[in-house]
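The values are calculated or read from the model by the stated rules, or taken from the named source; none is laboratory data. Note that the structure is a prediction, hence the values are computed from the model and not measured. Positions of Cβ are backbone-derived with ideal geometry, glycine not excepted, and every protein chain shown enters the neighbour counts. Remember, those area values only see protein heavy atoms, side chains included, never the ligands or the DNA or RNA. Shrake-Rupley method; radii C 1.70, N 1.55, O 1.52, S 1.80 Å.
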Amino acid sequence: MALPPRERAGADSRTACPPPRQPRRNGHRIFFGGRMSLRVQAYPRQHRGYHLLRQLDVALSADDLPYQDFSIVSPLPGADGRPLPVPVSWVPFPSVGKERLYVSPSIDEGALPARFIQPLVCRRRGHPAPGVGYIGVDSHVSMGERYVLQPAPKELLPPTSPEQPEIGLPRPRISIDTLLRAIGLSSPNSPAVGWDGHPRAPVRVAVIDTDCGGWGVLRGLDESALHLTPAQQGLRFPRGQQPPEPVQPMAGHGVVMAAAVEAVAMDVRLGLFEVPFAHASHVHGTDLAAALARAVGDWGADIVLIAMTHAGWGVPAHLRAILRGCARSGRGGRGAIIVCCTGRIDQNRDLHGDSTVLAADDFNAQPWVIPVAACGLRGGWYRVHRHPLGRLGPSVELCAPGELVTFPDVGAADDSSLAAALVAGTAARMVATHPDLSLVEVRQLLRATALKLPSEDEPAAPGLEADRFNEWDGAGHNFKLGHGRVDAQGACLAAADPVCYALLASRRSLSDQPMNPSTAGMELEAARGWESLLRNLAPRSDLAQRYLALRGHLVPLVLRTPALQDALFWIARHLRALRLYGPPAWPEDGTDHGALGDRCLHVLEVLGDSLEQAPAEVPVREVSRWLYELVRLLEAMPSQTVARFLAKVCAFPSATPS
């Protein structure tokens, strides 16, 4: 019989968890609706830095036994490029794209040449035994070798049980209105509109989680997705279980995350994909891979939210293959957008109990996903009573508010799972605005429009890693906050219009200014002014009307053309400097603005040059005609008129309607 975690040989009393289903007797108040646990005694105030000595349970659980003698096989095609006939013992595994996967008995796994043969149950690192070793920052969890059952079956770990509710000291909850305003959205929120003003088909957002019960409270749920998970036992994945119930006393974590997505993108189509709760299982990565394939391949998800994570999963070969397939073949070849959370420190199971590292072999460190950290409303890495909850590293892509919030009639959420749901909702709004954006382009726009905030509210205050990893590198990345806090409204404006993209991508960094970013939103104000001005001009200006019909095609062109970005960024930076530090009477000060007019013509000249190598989806002929007429108009227009027009866009006090 396995010893309880606190008594197991080699366990550290600071990091060991109490046995499953046992309440932690620490006198803290319990908040329901989250999946983070705060154990103050597990966080001694030491600085581990970029270092990790992870220890995991490497023994099999009872759930893993039926899969010990099976593998996932990716067979190579024949010499003519066609798939070869597979043995009758092979069972198809859910897949995305051209790469086919099968579950094979170990005795038949070598029947065909294969890209890889991945045992379902592998030996894993994470134990100080000889030949196994601790898991470091860049170690593989899986050793790639089939797990050999030890002679004493009584040493098997019991099946895993659901996680304890969130435990922590009492803290205030913010309102949904406050949460939406923190990411640039108004309240009440409104549906996203296409860049050309026309409504689009609902964006499909899949939520993969271990508890999707209580889904009856969701508005936009597609109930057919609940039945894509196979209920029969055998070699079907995710492993067999009954569909979640529509009503239960407390909504599951997946339902709360879906409600957070709906709060940001209210017109989405939701799909829930439940996987068994088995974070310590050797087969959990296989469940996750199958759920991903069913969500993207079968249901056609545009966005996938995985607001759960665990350091012990590792990334087996078939999970990497499906992630790669989602990025290459999802959304009709544009790439499915997979958003996940950075997870909790205590999941690291570090030997010393205080490593904050997001390791390279974690699921949320893979290059095909967008990992999201939590921050406070005013910036700063999310902490509860100065104790960090999330993890950090070069993989962190973005951050979003992680303050505790309650969704009426659903439940509460916080930390990086909530932050990931907010980013997933933002990505859904972007895809609704511009459905043709690729995964790479969505990632570019999210990065470019994110707000650079202080990485710590109090760098000198005590707290784990408070005075480390606070710098921003030359590419605009920070280990704690990624590329900055998501700006949902700014990201959608940039997805619709290249001028808005230039205004927001070149905005000031607030990383060294401990102020509320909402008071420093001049660039966002200018982008909204540009959008409003175009809408007002369109009924009486043929050029403005045609620009609104073409601008969406120009956004990918700008993202792919550095020279065009530089030309637009110069205009944006120049106007911002004039707005902040220029003469109050600009542009009515009587000076000549001919050089500014030249710069505007330069933007159009570079745009014309870039059309020669434009992608096939850009209507080059229509853009060229519009561009020719605009150039002729600007060449004949007095520079004073150009300056007044730009001043009105940027909301200069002296700007006069024209």
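Overview of values
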{"read-out": "Residues located in segment 384-401, provided they are part of a strand (DSSP E or B) and surrounded by fewer than 22 Cβ atoms within 10 Å (Cβ to Cβ)", "value": "384, 387"}
{"read-out": "Which listed residue, of 624, 610, 639, is farther than 24 Å from residue 552 by Cα, among the small types (Gly, Ala, Ser) and out of contact with any strand residue (DSSP E or B) (no Cβ under 6 Å at 6 or more places or on another chain)", "value": "639"}
{"read-out": "Test: residue 58 is out of contact with any helix residue (DSSP H, G or I) (no Cβ under 7 Å at 6 or more places or on another chain), crowded, with 17+ Cβ neighbours inside 10 Å and modelled with pLDDT under 80", "value": "yes"}
{"read-out": "Residue match in segment 275-295 (condition: assigned to a strand (DSSP E or B) and either modelled with pLDDT of 95 or more or open to solvent by 10 Å² or more (accessible area, probe 1.4 Å) (or both))", "value": "no"}
{"read-out": "Single condition residue 322 does not satisfy, out of (1) touching a Leu at 6+ places or on another chain (Cβ under 6 Å); (2) at pLDDT below 95; (3) farther than 30 Å from residue 457 by Cβ", "value": "(2)"}
{"read-out": "Leading residue by the ranking (farthest from the chain's Cα centre (by Cα)) among those in segment 111-131 that are over 30 Å from residue 79 (Cβ atoms) and surrounded by fewer than 16 Cβ atoms within 10 Å (Cβ to Cβ)", "value": "130"}
{"read-out": "Set 260, 251: member being at pLDDT 95 or above and buried (at least 22 other Cβ atoms within 10 Å of the Cβ)", "value": "260"}
{"read-out": "Qualifying residue in segment 153-175 (condition: over 30 Å from residue 260 (Cβ atoms), modelled with pLDDT under 75 and assigned to a strand (DSSP E or B))", "value": "yes"}
{"read-out": "Yes/no for residue 632 being without any contact (Cβ under 8 Å) to a residue 40 or more places away in the chain, among the basic types (Lys, Arg) and open to solvent by 30 Å² or more (accessible area, probe 1.4 Å)", "value": "yes"}
{"read-out": "Some residue of segment 239-253 being in a helix (DSSP H, G or I), farther than 30 Å from residue 73 by Cα and in contact with a helix residue (DSSP H, G or I) (Cβ under 8 Å, 6 or more places away or on another chain)", "value": "yes"}
{"read-out": "Odd one out for residue 258, checked against (1) over 21 Å from residue 491 (Cα atoms); (2) not in a loop (DSSP other than H, G, I, E, B)", "value": "(1)"}
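Matching residues to (1) part of a loop (DSSP other than H, G, I, E, B); (2) open to solvent by less than 30 Å² (accessible area, probe 1.4 Å):
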| residue | (1), (2) |
| --- | --- |
| 586 | yes, yes |
| 592 | yes, no |
| 596 | no, yes |
| 642 | no, yes |
